[in-house]
Amino acid sequence: MRKIKFLALLVLGGLVASCESDFLEPVPSSGITADSYYNDEQELLTGIIGMYDALQGVNDNNLRNNHAIQYEYYLTEMRSDNTRTKSQEGEAAQFEFYTVQATNGIVADYYASFYNVIFRANIILANLDVVSNADTKKAYEGEAKFIRAYAYFNLVRLFGDIPKIDRIIQPLETDIQFTRVATSEIYDFIISDLQTAVSGLDNTYKTRASKAAAQAMLAKVYLTTGGNYAEAQLLCEDIMGQGFELLDNFNDVFYNERNNEIIFAIGYESALASDSQNFSAEWMNGVGRTSGVNYVTNDVITALEASGGDRTQYSYRVDPSQTTQNQVTKYLPNGEDGGDDGKTFVNDATLAGNDWIVLRYADVLLMHVEAIMAGAAETSVASARASFQEVQDRAFPDTAPNTKAIITKDELLLERRVELAFENHRFFDLVRFGKAEQILGDFSAANGLNFTSSALLLPIPQGEINLGKGLMGQNPNY
Amino acid sequence: MKNINYFKKPVSNTFTKVLAIILMTAVWSCDYEYELPEAGSKQDLTPPSANFSATETDDYLTWTFGNQSNSATDYSWDFGDGNTSTDVDGKNTYSGEGKYTITLTASDKLNVKSTFSIEIEVIEPEIPAAINPEILNGDFDGGQDDWKFSDFTGGTTSPFNSSSDGSNFNYDGTDNGSKTPGAKWTNGTSSGIYRSSSSRYAYQAIVVSPNRDYILEYEYAIKNDNDENGGAKIVGEILDGHFGDGADGVASSDAGPIVRNEGTKLEGKGNFTVVRQAFTANATGLVSIFIWGETKQDAYVDNVKVYPAE
């Protein structure tokens, strides 16, 4: 009897010991899973590249795919006084008419895209321990935090209060996924991430995160929250000592890629379906899926003709196929002008390789002026005037030096508009300068649009609200 | 009396009965309306909540109010100065400075209301301080430094003679007790009591606040030995713009400076007269100081300043 008891115990013990998880759930040796990947630095690097892949977006017209930065102009430029659709109808036209619906698919695409970017950044941060080299680890952490901060900065400016996902979450953690966190807390999170990025990165890359990119992004965050102008000025001045410069020819900024003016760009390669973009084609007349979007408004043409100088000729053109309309020319597909009708391209225009410029040196110079102005109506500080003049002297070489005794807030806003037209800055600039309600209100009234101040925030996609089962509230007036 | 009573009772009974029926009907119909909801109706879980932001525009008297209310369809604004509106966003121009309470009443089609108020202070923004330009080498301690044109077609870039016979006052207004360095024009560097191609000019480009009032200040002294220097003068001007070539500066001076001061007091060497010439800056704020002498005997200038008028 005692023997049997002993044997039974032995058998039981053996059973318990063999019931470890990898016995019942073995890691497949012939395929890669999320749990088994990221074992060394090389594998984590593929994850880093994956973050940029998410930012690139998928180059197709499948509504299920994330198009990320390739759709950003809909939400920013076309919601400002700079551009509109050519046809003025459909879902895309909701932006220019300020009648965006919570069910708008482009808004949902962008929202999902950038939370996917955040997800991929969180994967890197969760697997940093596999990197043995301390410097590499710091750089990878900085890179992931820069990308995460960049995604949050875009989302918080577009949607207001948003869920804060600071780690990989599981499907059942719906309270984190659908609880909107106050913008101030999101901004604290962004600032903390960018500070880590600034200390961990150097200026090796232009199409990956760099120190200068993190500094410029942080300066813009400070200018947006309005709390730390002095720090923003120091960041800009630090960048100004890192060897960036304005190219002599404004056109080269866009067609001489990764040039000395570029601080951070999303890289694309032409002819590769996996690494190209289609926004260049969409901006032409019926070359992409649409009949033409991001077409230029008369309002910005007036500003460009009056204040653009040499920049004007490189910023827009009359559509050769439809001469009553005007097109953006900063991102012509692969640099081709499309021939006599403006839509005949040698290479496939829908597989364009033009990089998307996120930050460039002219932006930093004008941010420098903005930081010194520090929310006041004007500035006469010499270093601010010097930065402003540097931007103006390229645009107006015949009258250089273009010295100005005083730069007003309105002049700075106008200079940003004509220098950075169609680069997705205008909408954010208007909001940051506190001029959006006034300028967009007047623009809306003059053009029969439906602007109200609540249009300054996009609706949280209805799909998210539904999945949140009551956890998520909608923005006002949607 | 009995008869009357006899008739009264039935009337009273009938009246009571009718009243009761009317009352019951009334009660019954009230019940029907308020206590028997339609099948499938539900409680209003999203009552309106009023909220808005206030933003000052370029004109400090005009404010815009951005509506951020939820679940509302109709809006009523009270701007606190008697003006009202029913637009979605509010915009109001106030008649003057003061504190105003703006109230937004947001309501939905069930006529559920929510109100929200903000107090704003309408106040005229202060005019920013005018630029106080830094005059380089205004006391001439550095000789000719910072007072030369970079080029001078048909003239000379040398502005004046360095001199140790300047004013007794230092640049900050304190008395030095003895003379300080200054600038000197002689018969040779002015070529007589007129302007010619031999004339020398002190020139300095400065930046001031556009359209603001300023004072050009300097001291001068002119010799008049044996009364032979009658009509001599030190001329100080503010020119409209900056000039790379002295010839352009002279042309601008001929065409008309922003302001000109001719100092004609012949008090002799060492006896300085202070000039304070008011002017209003041009629209760009880019002006220049332009000083020369027209004299047969030595004339001196010292302590050149430009500062905002109070």
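Of the residues screened, B:Gly256 is not one that is modelled with pLDDT of 90 or more and within 14 Å of chain A (Cβ to nearest Cβ).
The requirement of being within 14 Å of chain A (Cβ to nearest Cβ) and not in a loop (DSSP other than H, G, I, E, B) is not satisfied by B:Ala183.
Which numbered condition trips up A:Leu414, out of (1) surrounded by fewer than 19 Cβ atoms within 10 Å (Cβ to Cβ); (2) out of contact with any Ser or Thr (no Cβ under 8 Å at 6 or more places or on another chain); (3) assigned to a helix (DSSP H, G or I)? Failing condition for A:Leu414: (2). Filtering segment A:254-303 to residues that are out of contact with any Pro (no Cβ under 8 Å at 6 or more places or on another chain), touching a residue at least 60 places away in the same chain (Cβ under 8 Å), in a helix (DSSP H, G or I) and of a type outside the set (Ser, Thr, Tyr) leaves A:Phe254, A:Phe279, A:Asp299, A:Val300, A:Ala303.
Restricting attention to segment B:102-114, the residues that are within 13 Å of chain A (Cβ to nearest Cβ) and among the polar types (S, T, N, Q) add up to 1.
Scoring A:Asp429 on the criteria (1) in contact with a helix residue (DSSP H, G or I) (Cβ under 8 Å, 6 or more places away or on another chain); (2) acidic (Asp, Glu); (3) within 12 Å of chain B (Cβ to nearest Cβ) leaves a single failure, condition (3). If the condition is being surrounded by 14 or more Cβ atoms within 10 Å (Cβ to Cβ) and more than 14 Å from every other protein chain (Cβ to nearest Cβ), then segment B:119-139 contributes B:Ile120, B:Val122, B:Ile135, B:Asn137, B:Gly138, B:Asp139. Scanning segment B:39-62 for residues that are among the hydrophobic types (A, V, I, L, M, F, W, C) and either under 17 Å from B:Leu110 (Cα atoms) or modelled with pLDDT of 85 or more (or both) returns B:Leu45, B:Ala50, B:Phe52, B:Ala54, B:Leu61.
The residues listed here are A:Ala386, A:Ala371, A:Ala362; of these, the one that is without any contact (Cβ under 8 Å) to a residue 12 or more places away in the chain and assigned to a helix (DSSP H, G or I) is A:Ala386. In this structure, does B:Ser209 turn out to be at pLDDT below 90 and within 14 Å of chain A (Cβ to nearest Cβ)? The answer is yes for B:Ser209.
Here the condition is being on the phi > 0 side of the Ramachandran plot, out of contact with any Pro (no Cβ under 7 Å at 6 or more places or on another chain) and surrounded by fewer than 23 Cβ atoms within 10 Å (Cβ to Cβ); of A:Ala374, A:Ala395, A:Ala386, it holds for A:Ala374 alone.
All told, A:Leu413 meets the bar of being within 14 Å of chain B (Cβ to nearest Cβ), within 30 Å of A:Gln70 (Cα to Cα), in contact with a Lys or Arg (Cβ under 8 Å, 6 or more places away or on another chain) and not β-branched (Val, Ile, Thr). Restricting the first member to segment B:49-65 and to residues that are under 12 Å from B:Thr93 (Cα atoms) and at the interface with chain A (Cβ under 10 Å from one of its Cβ atoms), and the second to residues that are loosely packed, with under 15 Cβ neighbours inside 10 Å and of a type in the set (S, T, N, Q), the beta-carbon pairs closer than 6 Å and six or more apart or on different chains are B:Thr62/B:Thr93.
Scanning segment A:422-443 for residues that are farther than 28 Å from A:Glu282 by Cα and in contact (Cβ under 8 Å) with a residue 40 or more places away in the chain gives a single hit, A:Arg432.
Residue selection: B:Gly142 fails the criterion of being small (Gly, Ala, Ser), out of contact with any His (no Cβ under 9 Å at 6 or more places or on another chain) and exposed (fewer than 13 other Cβ atoms within 10 Å of the Cβ). Scanning segment A:374-410 for residues that are of a type in the set (A, V, I, L, M, F, W, C), farther than 20 Å from A:Ala303 by Cβ, more than 11 Å from chain B (Cβ to nearest Cβ) and over 25 Å from the mean Cα position of the chain (by Cα) returns A:Ala384, A:Ala386, A:Ala400. Checking each residue in segment A:374-383 for being out of contact with any His (no Cβ under 9 Å at 6 or more places or on another chain) and assigned to a helix (DSSP H, G or I) picks out only A:Ala382.
Go through segment B:80-101 and count every residue that is within 14 Å of chain A (Cβ to nearest Cβ) and either buried (at least 16 other Cβ atoms within 10 Å of the Cβ) or not in a strand (DSSP E or B) (or both). Residues meeting the conditions: 8.
Residues are listed down the side, and each one gets a yes or a no for (1) closer than 14 Å to A:Tyr115 by Cβ; (2) touching a strand residue (DSSP E or B) at 6+ places or on another chain (Cβ under 8 Å); (3) surrounded by fewer than 17 Cβ atoms within 10 Å (Cβ to Cβ):
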position: A:Ile147; (1), (2), (3): yes, no, no
position: A:Arg157; (1), (2), (3): no, no, no
position: A:Asp161; (1), (2), (3): no, yes, no
position: A:Leu172; (1), (2), (3): no, no, yes
position: A:Ala182; (1), (2), (3): no, no, yes
position: A:Ile186; (1), (2), (3): yes, yes, no
position: A:Ile191; (1), (2), (3): no, no, no
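When B:Val250, B:Val301 are screened for being touching a residue at least 60 places away in the same chain (Cβ under 8 Å) and assigned to a helix (DSSP H, G or I), only B:Val250 passes. A:Arg317 falls short of the stated requirement of being basic (Lys, Arg) and within 14 Å of chain B (Cβ to nearest Cβ). When residues in segment B:259-298 are screened for being assigned to a loop (DSSP other than H, G, I, E, B) and more than 14 Å from chain A (Cβ to nearest Cβ), 12 of them pass. Take A:Ile460 and tell me if it is modelled with pLDDT of 95 or more and within 13 Å of chain B (Cβ to nearest Cβ). When the stated conditions are applied, A:Ile460 passes them. Of all the listed residues (A:Ala349, A:Ala405), the sole one being touching a Gly at 6+ places or on another chain (Cβ under 7 Å), over 23 Å from A:Ile239 (Cα atoms) and buried (at least 19 other Cβ atoms within 10 Å of the Cβ) is A:Ala405.
The rows are residues; the columns are (1) under 22 Å from the mean Cα position of the chain (by Cα); (2) farther than 25 Å from A:Asn66 by Cβ.
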site	(1), (2)
A:Ala265	yes, no
A:Ser274	yes, no
A:Trp283	yes, no
A:Arg289	no, no
A:Gly308	no, yes
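Of everything in segment A:465-478 that's within 10 Å of chain B (Cβ to nearest Cβ) and polar (S, T, N, Q), which residue is surrounded by the fewest Cβ atoms within 10 Å (Cβ to Cβ)? Only one residue fits best here, namely A:Gln474. Of everything listed in (1) exposed (fewer than 15 other Cβ atoms within 10 Å of the Cβ); (2) within 23 Å of B:Asn229 (Cα to Cα); (3) touching a helix residue (DSSP H, G or I) at 6+ places or on another chain (Cβ under 7 Å), the single unmet condition for B:Ser164 is (3). Filtered by the rule that a residue be in contact (Cβ under 8 Å) with a residue 24 or more places away in the chain, part of a helix (DSSP H, G or I) and surrounded by 19 or more Cβ atoms within 10 Å (Cβ to Cβ), segment A:444-464 gives A:Ser454, A:Ala455, A:Leu456, A:Glu464.
The values are calculated or read from the model by the stated rules, or taken from the named source; none is laboratory data. Keep in mind that what you see is a predicted model, and the values were worked out from it rather than measured. Every residue, glycine as well, gets a Cβ built from its backbone with ideal geometry; the counts of neighbours run over all protein chains shown.
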